[in-house]
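Undergrad: Questions regarding the structure given below will be posed in turn.
Here, each number is a calculation from the coordinates, and none is a lab measurement. All of these numbers come straight from a predicted model, not from anything done at the bench. Note that each Cβ is placed from the backbone with ideal geometry, even for glycine, and that neighbours are counted across all protein chains shown.
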Amino acid sequence: MAEKKFAVNNPMGSINALSGFDGFFMSYLTGYSDVIELSTFLCLFFLLCALYKCSAIEAETNQTAYLVVDASEGTGRKASETLFGIFFEEINHAGAGGIWAELVSNRGFEAGGQNTPSNINPWTIIGDESSIIVSTDRSSCFERNKVALRAEVLCDTTGSNICPAGGVGISNPGYWGMNIEQGKTYKVVLHVKSLESVNISVSLAGANGQNLASAYLIGVAPDVSNWTKVEFLLVAKGTDHNSRLQLTMTRKGVIWFDQVSVMPVDTYKGHGFRKELVEMIARLNPRFIRFPGGCFVEGEWLRNAFRWKESIGSWEERPGHFGDVWMYWTDDGLGYFEFLQVGIYGLSLVYQRISEQPVWVVNNGISHQDEVTTSSISPFVQEMLDSIEFARGAPNSTWGSVRAAMGRPEPFDLRYVAIGNEDCGKPNYRGNYLKFYDALKKAYPDIKIITNCDGSSHQLDHPADMYDFHIYTSASSLFSMSRQFDHTSRTGPKAFVSEYAVTGNDAGTGSFLAALAEAGFLIGLEKNSDVVEMASYAPLFVNTNDRRWNPDAIVFNSWQQFGTPSYWVQQFFTKSSGATVLNTTLQSNSLASLVASAIIWQNSQDNNKYMQIKIVNFGSDPVSLKISVDGLEQNSIGLSGATKTVLTSSNLKDENSFKEPNKVVPFQSSLENAGIEMDLALSPHSFTSFNLLMEAGKQEGIDEADIVSVFDPVYKASS
């Protein structure tokens with residue numbers, strides 16, 4: 001089909017027209033100069049000058065753009081089924097104290113190290129030295145977690161040293177306060193041992209000491225002389241977002257505690273994830289999850305790197321580790337098995353049949369500070385092979401049997417493995433990588449292997465199925481990178497843009513400006529989805545009590561959460577994975593500030609097809625946009641039910657917050673007179689999506705409300 005071309009208006013056109021009128025007017029004056037008084041002439045002259053100036057200003061600010069969408073049959077190309085997903089890293093307490101719903105921090109008393117006595121932080125002592133002495137020793141029944149807490153109660157119910165009314169003991173505030181809500185049920189698990197009979201109060205207390213829920217553990221000496229696991233279900237009778245767990249006693253004796261847990265019963269699909277946070281991820285309709293991190297996988301030193309074998313099995317047996325890059329302890333309750341579960345059970349709220357493909361990032365013997373030489377890398381290669389056998393092996397295999405014992409005899413669908421993180425160029429990376437690559441391809445030839453080395457601008461010197469591409473930069477720089485992959489070779493490994501974001505002064509802690517630039521970049525990735533297979537924002541989460549990185553997509557504390565503008569931008573792309581990407585031609589006198597794309601996607605629930613046209617106006621002027629859709633008949637687009645969704649704000653540095661969580665969110669409205677030819681307006685500094693129902697004449701039983709619900713992946717403004 002011949003390319004449709006438009007002549008872009010000359011910004012000086014209105015001035016030239018005015019000059020023509022000016023010449024006519026002066027001729028008119030010349031002809032009747034004997035009638036017109038000088039004062040009248042001067043008034044008309046100054047009026048003409050004013051009109052001339054206004055017209056010039058209007059010509060400079062009223063931009064016009066023409067977008068041609070080629071919807072001809074057979075001209076589009078299918079985007080990767082896994083184009084947009086999520087990257088989870090244990091950073092900013094994203095997991096521990098975040099999406100993993102465990103409320104107790106340092107539940108096994110291991111965070112202070114294996115040498116005793118040790119620091120029990122954040123546990124605190126209830127009572128003074130005259131009533132209780134607390135220490136740690138290595139008496140635990142768990143072989144990989146030998147540290148336990150020993151509490152010697154010195155006071156009693158009788159005698160000269162009477163315990164205070166509330167008792168003495170230990171308290172845990174969780175991760176900056178436990179969120180306890182009225183009517184909800186919490187499962188409390190603890191392991192105890194004592195040579196005497198025990199009477200222990202197990203309670204959830206509010207910040208002011210209010211008893212929100214409690215139970216008593218009463219046991220005679222023979223029953224608790226060995227380590228005993230005890231469980232309670234506590235129903236909260238009040239709400240406090242800054243609560244704590246208390247274990248208190250009023251009788252003299254020595255009691256040991258270990259592996260103490262408090263979990264809400266209501267978690268995401270019953271798998272231990274904080275429901276409201278995971279539901280925010282689910283609204284992004286992610287098609288993959290890259291885990292368990294980038295730098296978290298490497299470690300500052302290898303001795304503190306994430307070790308998958310230490311993160312599987314029963315939670316009581318997981319030793320946990322100190323993440324020395326982001327500088328905090330994690331119990332590894334959110335481990336390798338749990339991440340694989342996220343993928344298999346799916347996060348999508350709309351397409352329940354879709355599972356997220358896990359992308360497993362393995363350590364290749366390289367940390368930030370030390371490296372294993374290629375000649376010594378074999379044990380690390382075997383560690384990787386064991387991890388894949390755990391995920392995919394038969395239930396009677398060595399590591400597959402461990403998975404089966406955890407309740408999952410069926411294998412996980414693991415198809416992607418990334419070798420290292422940001423290690424390209426380090427002395428041993430290429431040699432180590434090739435060892436990993438050869439071993440993995442021999443054992444699992446179907447798995448796609450991802451290298452750390454960028455192949456977007458030059459050919460790789462080693463084999464790979466995909467290459468990692470990370471970019472953190474300013475807003476203007478990232479927006480200009482919307483064409484980053486336009487000239488990338490269409491053959492060879494595909495790109496995995498696994499980490500991208502605007503950072504620095506432009507971003508703040510999550511600005512609209514950052515999001516707008518990211519929208520332009522994502523449109524570029526969508527248009528180049530023949531060479532870009534996957535993309536994900538980073539970081540995903542931040543607990544406001546421990547910001548290690550700015551900005552982030554989802555912000556939370558113990559009980560609140562909101563999406564930054566960058567989070568809302570990602571919701572515009574929930575239909576892109578697997579969609580048909582259409583060819584578009586954009587012509588404008590402000591091309592440097594505009595970028596656009598168009599896709600066709602099919603709703604699996606009703607089989608209707610939809611066209612989504614997205615355009616970013618990164619400039620400060622409004623734009624008159626003329627859209628022409630080629631290759632469709634006049635009535636191929638429904639006249640009603642179309643929507644327009646806009647993300648914009650009055651200030652580029654605007655951010656959302658707990659106080660104003662919806663300050664910068666998309667607003668959706670009806671789009672009148674939708675069709676194959678449309679005249680529309682773009683606001684300055686805006687991201688706009690036009691959502692159109694195709695083949696409306698062939699659909700039955702579809703009304704406007706149905707269509708709006710289909711196109712409701714983003715925040716819909718109340719009217």
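Undergrad: Run the numbers for Glu81 and Asn304: contour at 0.36 nm per residue of separation, minus the present Cα-Cα distance, in nm.
TA: Working: separation 223, 0.36 × 223 = 80.28 nm, distance 3.53 nm.
Full-extension gain reported as 76.8 nm.
Undergrad: Suppose R0 equals 41 Å. What FRET efficiency, 1/(1 + (r/R0)^6) with r the Cβ-Cβ distance, do Ser640 and Lys184 give to the nearest 0.05? Write out the running numbers ahead of the final one.
TA: Numbers: r = 44 Å, r/R0 = 1.06.
Once rounded, the FRET efficiency stands at 0.40.
Undergrad: Here is a further query. Gap in Å between the Cα centre of segment 76-107 and the Cα centre of segment 248-321?
TA: 12
Undergrad: Can you tell me how much longer the chain between His487 and Val254 gets when fully stretched, taken as 0.36 nm per residue apart minus their C-alpha distance, in nm with one decimal? Mind dumping the intermediate values first?
TA: Numbers: separation 233, 0.36 × 233 = 83.88 nm, distance 7.15 nm.
The His487-Val254 span can extend by a further 76.7 nm.
Undergrad: Just subtract the alpha-carbon distance of Lys626 and Ser670 from 0.36 nm times their residue separation and send over the number in nm, one decimal. If you can, show how the numbers build up before the last one.
TA: Numbers: separation 44, 0.36 × 44 = 15.84 nm, distance 1.77 nm.
That pair, Lys626 and Ser670, stretches by 14.1 nm at full extension.
Undergrad: Based on the Cβ-Cβ distance from Ala165 to Glu633, what FRET efficiency comes out when R0 is 60 Å, to the nearest 0.05?
TA: Working: r = 82 Å, r/R0 = 1.37.
FRET efficiency, Ala165 to Glu633: 0.15.
Undergrad: If you put +1 on each Lys and Arg Cβ and -1 on each Asp and Glu Cβ, how big is the dipole of the chain around its Cα centre, in Debye rounded to 20? Each step should come with its number before you reach the end.
TA: Working: 55 positive and 78 negative charges, 239 e Å.
Result for the chain is approximately 1140 debye, rounded to the nearest 20.
Undergrad: In percent, what relative contact order does segment 590-704 have, based on Cα pairs under 8 Å that are 6 or more apart in sequence?
TA: On the way: 231 pairs, mean separation 43.3, N = 115.
Computed over segment 590-704, the figure is 38 percent.
Undergrad: Pairs of alpha-carbon atoms within less than 8 angstrom and 6+ residues apart define the contacts here; what relative contact order does the chain have, in percent?
TA: Numbers: 1687 pairs, mean separation 106.7, N = 719.
That works out to 15 percent.
Undergrad: Let me ask something additional. Could you work out [θ]222 nm for the chain from helices alone, using -39500 (n - 2.57) per DSSP H run of at least four and dividing by all its residues? Round to the nearest 500 deg cm²/dmol. All intermediate terms of the calculation are to be shown ahead of the outcome.
TA: Details: 13 runs with 141 residues, N = 719.
After summing the helix terms and dividing by the residues of the chain, the value is -6000 deg cm²/dmol.
Undergrad: List the lysines whose Cα sits under 17 Å from the Cα of Lys426, skipping any in the same chain fewer than 8 residues away.
TA: Straight-distance partners of Lys426: Lys435.
Undergrad: Something else: Which helices, taking whole DSSP H runs in the chain, have alpha carbons extending 20 angstrom or more along the helix axis plus mean Kyte-Doolittle at least -1.0? It would help to have the intermediate numbers written out before the result.
TA: Values: long enough: 13-31 (28 Å, 0.59); 38-61 (35 Å, 1.39); 378-392 (21 Å, 0.01); 429-443 (21 Å, -0.90); 512-527 (23 Å, 1.30).
Going by DSSP H runs, the hits are 13-31, 38-61, 378-392, 429-443, 512-527.
Undergrad: Further, regarding this structure: Within segment 126-218, list the trypsin sites (Lys or Arg not before Pro) lying in a DSSP loop whose Cβ has at most 11 other Cβ atoms in a 10 Å radius.
TA: Here no trypsin sites (Lys or Arg not before Pro) fit, given the DSSP loop and packing criteria.
Undergrad: Taking segment 124-264 on its own, what percent of its Cα-Cα pair distances exceed 25 Å? Intermediate values should be presented prior to the final figure.
TA: Numbers: 2510 of 9870 pairs.
That tail contains 25 percent of the Cα-Cα pairs.
Undergrad: In straight Cα distance, which lysines are under 22 Å from Lys187, not counting same-chain residues fewer than 8 positions off?
TA: Within the straight-line limit of under 22 Å, Lys187 reaches these lysines: Lys229, Lys237, Lys269, Lys275.
Undergrad: Then there's this: Rank-order 238-250, 633-645 by packing density, defined as the average count of other C-beta atoms within 10 Å over each peptide's residues, highest first. Let's see the in-between values first.
TA: Values: 238-250: 21.6, 633-645: 18.4.
Highest to lowest by the protection proxy: 238-250, 633-645.
Undergrad: Placing +1 on the Cβ of each Lys and Arg and -1 on the Cβ of each Asp and Glu in segment 124-264, which of Gly174, Ser203, Leu247 has its Cα farthest towards the positive end of the resulting dipole?
TA: Gly174
Undergrad: Under 18 Å Cα to Cα from Lys626, which lysines show up? Leave out anything in the same chain fewer than 8 places away.
TA: Filter leaves Lys4, Lys5, Lys614, Lys644.
Undergrad: Quick one: dipole size for segment 124-264, taken about the Cα centre, charges +1 on Lys/Arg Cβ and -1 on Asp/Glu Cβ, in debye to the nearest 20. Kindly include the intermediate steps, with their values, before the conclusion.
TA: On the way: 12 positive and 12 negative charges, 60 e Å.
For this selection, approximately 280 debye.
Undergrad: How would you order 83-95, 542-554, 202-214 from highest to lowest mean count of nearby Cβ atoms within 10 Å? All intermediate terms of the calculation are to be shown ahead of the outcome.
TA: Details: 83-95: 25.9, 542-554: 20.6, 202-214: 17.4.
Ranking, from highest mean packing down: 83-95, 542-554, 202-214.
Undergrad: Name the residues of segment 115-151 whose amide N is less than 18 Å from a point 7 angstrom out from the Cα of Ser314 along the C-beta direction?
TA: 139-149
Undergrad: Scan segment 417-502 for trypsin sites (Lys or Arg not before Pro) in coil per DSSP, keeping those whose Cβ has at most 16 other Cβ atoms within 10 Å, and list them by number. It would help to have the intermediate numbers written out before the result.
TA: On the way: sites: Arg430, Lys435, Lys441, Lys442, Lys448, Arg483, Arg490, Lys494; in loops: Arg490.
Sparse-neighbourhood loop trypsin sites (Lys or Arg not before Pro): Arg490.
Undergrad: Along the charge dipole of the chain, Cβ charges K/R +1 and D/E -1, which of Ala236, Ser131, Pro445 sits furthest on the positive end?
TA: Farthest along the dipole direction, towards plus: Ser131.
Undergrad: For segment 624-687 and segment 132-208, write down the distance between their C-alpha centroids in whole Å.
TA: Measuring centre to centre over Cα atoms gives 56 Å.
Undergrad: Using Cα pairs under 8 angstrom and six or more residues apart, how large is the relative contact order of segment 91-156, in percent?
TA: Details: 79 pairs, mean separation 17.6, N = 66.
For segment 91-156, the relative contact order is 27 percent.
Undergrad: With r as the distance between the Cβ atoms of Asn119 and Gln459 and R0 = 56 Å, compute the FRET efficiency 1/(1 + (r/R0)^6) and round to 0.05.
TA: On the way: r = 52 Å, r/R0 = 0.93.
It comes out at approximately 0.60.
Undergrad: Taking a point 7 angstrom from the Cα of Glu276 along the C-beta vector, which residues in segment 159-191 have backbone N less than 11 Å away?
TA: Within reach of a label on Glu276: 179-181.
Undergrad: Ordered by packing density, taken as the mean number of other Cβ atoms within 10 Å over each peptide's residues, highest first, how do 529-536, 229-236 rank? All intermediate terms of the calculation are to be shown ahead of the outcome.
TA: Details: 529-536: 23.9, 229-236: 14.5.
In decreasing order of mean packing, 529-536, 229-236 become 529-536, 229-236.
Undergrad: With just the Cα atoms defining each centre, how far is segment 364-429 from segment 452-499? Give it in Å.
TA: 25
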